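Working notes, structure below.
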Amino acid sequence: MASEKVETVVAGNYVEMERAEGDSKSAKNKLSNLFWHGGSVYDAWFSCASNQAHFLHFVAQVLLTLPYSFSQLGMLSGILFQLFYGLMGSWTAYLISLLYVEYRTRKEREKVDFRNHVIQWFEVLDGLLGKHWRNIGLFFNCTFLLFGSVIQLIACASNIYYINDNLDKRTWTYIFGACCATTVFIPSFHNYRVWSFLGLMMTSYTAWYLTIASLLHGQIDGVKHSGPNKMVLYFTGATNILYTFGGHAVTVEIMHAMWKPQKFKMIYLIATLYVLTLTLPSASAVYWAFGDLLLTHSNALSLLPRSGFRDTAIILMLIHQFITFGFACTPLYFVWEKFIGVHETKSVFKRALARLPVVIPIWFLAIIFPFFGPINSTVGSLLVSFTVYIIPSLAHMITFAPSSARENAVERPPSFLGGWAGMYSINIFVVVWVLIVGFGFGGWASMLNFIQQINTFGLFTKCYQCPHKA
């Protein structure tokens, strides 16, 4: 009975919204609900798996750079780091979901209406811990999502080049920047239902294409698997995997897009397990086939022979990168809308115009730093480490430090974790590990590697890692 009460409180206005959805029986509304206006548990799973697999945070560019990370780490370390960071990422996503439910429940008990307002992570921090935590969370989250969007544009240019090399990668970045700018017309995560599903299918196809194509191709002549042989490369590769499973910077926005956000709980873990069925076989197979050659080919598609299957994979990844760009940019759009005071307006066109200034710096940064692969590790160590690992763990510990907060918590720790003591122990381990290994060693290694790319290729380079034409 108590759990039913909590469920009603947490669901809040979404109970009314769900009923309103159910009252609509017209064919037009049913079609709209199917393809556009999603908010179910399945939508959240699609969103998490799709986003987790591809972006920043997120699998198009991450999926394609994991074999590059394996060449830096070696096969065994690559597999172990994927499993370890997949579990750690799921843990901190769980913490974020607990903090969201706690914040929303407290606010709805105060009769706050979220019907026309999308709750964001920095607002959760503000409500639970105050303005200083809000500012820290806002800075790291927005910077992370900004560079996550930048990476999507870089990945688009890198991929399309292997279908049509008549244009250099920088020109392709101009073109895809204009295409991705159209995401300003997509109002919120409710409207990504069909895109989330398609994104998941596209990523699955590409992952299995990489696996099967590499196995059929076989090992190249004189293949070598010398990794790990340099500490800088080792920690760069490890940090790219940290980044791979740090795609939950939009967890709060996805939860808010659910009609019943209290059902989120294990969705992210299940999504991560599915992602591992894609990333482990594909990265292992490509590394087995090409070995150390991947050290100078950060995009796995560049090593596989051209075929209809490869071109299909590239086209699907391009579409998915467009979707992921929207996933990464939508929270930024919300922040900007709130800043200039148009977030609660119902005019889609007015909101779209207001959002355009967000796209311009993303476009510009993608042209300055087109280093596909190394930029992932740099963003992972300097931004992901704090945004989705350290800050949520610390925020959870501080929020529930008072005994009264633990006693009145909406959701208590499961008994198999050892209660609050077990939960705090895990949180402390996450903070210490990510601070030392992810931010410390990872930041040192990825920055050295990033600076090396600048010295080798230069800023604004026209065609990063392109083969020389005769």
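Which of the pairs 131/338; 111/131; 107/131; 131/350 have their Cα atoms more than 24 Å apart in this structure?
From 131/338; 111/131; 107/131; 131/350, over 24 Å: 131/350.
For residue 407 and residue 139 in the same chain, what is the full-extension length gain: residue separation times 0.36 nm, less their Cα-Cα distance, in nm?
Result: 93.3 nm gained on full extension.
How would you order 376-387, 313-324 from highest to lowest mean count of nearby Cβ atoms within 10 Å?
By packing density, highest mean first, the sequence is 376-387, 313-324.
Sorted by average packing, counted as other Cβ atoms within 10 angstrom per residue and highest first, what order do 163-171, 443-451 take?
In decreasing order of mean packing, 163-171, 443-451 become 443-451, 163-171.
Taking Cα centroids, how far is the range 59-125 from the range 128-185 in Å?
Between the Cα centres of the range 59-125 and the range 128-185 lies a distance of 18 Å.
Find the relative contact order for the range 388-470 and round it to a whole percent, using C-alpha pairs within less than 8 Å whose residues are 6+ positions apart.
Result for the range 388-470 is 30 percent.
Compare the peptides 401-413, 226-238 by average per-residue count of other Cβ atoms within 10 angstrom and give them in order, highest first.
Ranked from most to least packed, the peptides come out as 226-238, 401-413.
Would you mind getting me the FRET efficiency between residue 338 and residue 229? Use the beta-carbon distance for r and R0 = 45 Å, nearest 0.05.
0.40
Indicate the gyration tensor shape class of the range 251-409 (rounded, prolate or oblate), computed on the Cα atoms with a ≥ b ≥ c the square roots of the eigenvalues: a/c under 1.5 is rounded; otherwise a/b larger than b/c is prolate and the rest oblate.
oblate
Distance between the C-alpha centers of the range 377-430 and the range 272-326? Whole Å please.
34 Å
Taking every pair of alpha-carbon atoms in the range 396-470, what share in percent sits in each 10 Å bin, from 0 to the bin with the longest distance?
Spelled out bin by bin, the range 396-470 gives 15, 26, 18, 15, 14, 11, 2, 0 percent.
Just need the relative contact order of the range 94-178 here, percent rounded to a whole number, with Cα pairs under 8 Å and 6+ apart.
Relative contact order, the range 94-178: 17 percent.
Where in the range 343-371 is the amide nitrogen less than 18 Å from a point lying 7 Å along the Cα-to-Cβ axis of residue 455?
371
Which whole-Hz couplings ³J(HN,Hα) result when phi for each residue of the range 391-404 is put into the Karplus expression 6.51 cos²θ - 1.76 cosθ + 1.60, θ = phi - 60°, listed in order with x for Gly and Pro?
For the range 391-404, the Karplus-derived couplings read 4, x, 5, 5, 4, 5, 5, 6, 4, 9, 5, x, 4, 5 Hz, x marking Gly and Pro.
Rule-based calculations on the coordinates, nothing more; no lab input. Bear in mind that the values here come from a model prediction, so they are computed numbers and not experimental data. For neighbour counting, all protein chains shown are included, and Cβ atoms are generated from backbone atoms with ideal geometry for every residue, glycine included.
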